[in-house]
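Notes follow once the structure below has been shown.
The values are calculated or read from the model by the stated rules, or taken from the named source; none is laboratory data. If you're wondering where the values come from, they're calculated on a predicted model, not measured in any experiment. Don't worry about glycine lacking a Cβ; one is built from the backbone with ideal geometry, like all the others, and counts go over all protein chains shown. Heads up: the accessible areas ignore ligands, DNA and RNA and are worked out on the full protein's heavy atoms, side chains in. Shrake-Rupley method; radii C 1.70, N 1.55, O 1.52, S 1.80 Å.
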Amino acid sequence: MDIVSSGERYRASTVAAFEAAVLVRCTGVCGGGGRARALGGTRARSSSSSASLPLSLDGVLAEFNRGVAAERLAELLTTAGQTASVHRYTAGNRHRYEIFRVFADPSTPQFLDRAWAQGYADLCAVPTEPRSHRQLRHSRQLAEAAWRGVLMVSGPARNGSPGLRVADLDTATVLMRAGRMMALPVRMSTRPGGQLLLVMPAVSAA
């Protein structure tokens, strides 16, 4: 058994699971239960406002109006060892549009909850001991995954204004921490409906 490659595969699967968790957490940022206005074209199904991740209804984990976001989520779940598939259908009457549904096992939301909790701890918790180079590299990979996930589904706050609107503070905190790890000059401010993240020009951030 190749212990090194097995370890790398495990870390790759945890990064994929964390990115999927971030992607799903951000699906409701711009439109609630209606047709999403976000860049990624997303809307999340949820039967409980207290749930950290949308609960699966009839196997539907999330909905998108862009196929690339749905395919990315399915790819991430597959990499993480979960079963997922994308189904496309056309909705609307006078104005027709396509919806891409990602179907997953009923246990997937709980799996993503655990992936989110572990990734959050790896990125935001204060380490009790010095981290190894491998641990630091893994944290950097998680940081990059967090930003890939949010940029896939979150568009400008409104009317083309700069910044990304993130609905919950925990996700915004992860992105702030991830931004610092990646040397991104990110600033956060509270706005109605969530947190506004701005990536500042290097001169302004100095």
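Worth pointing out:
- Being on the phi < 0 side of the Ramachandran plot and either open to solvent by 20 Å² or more (accessible area, probe 1.4 Å) or modelled with pLDDT under 90 (or both) holds for only one residue in P109, P127, and it is P127.
- The set of residues in segment 94-117 that are out of contact with any Leu (no Cβ under 9 Å at 6 or more places or on another chain), within 18 Å of Q82 (Cα to Cα) and not in a loop (DSSP other than H, G, I, E, B) comprises R114, A115, A117.
- Selection status of A172, small (G, A, S) and in contact (Cβ under 8 Å) with a residue 40 or more places away in the chain: no
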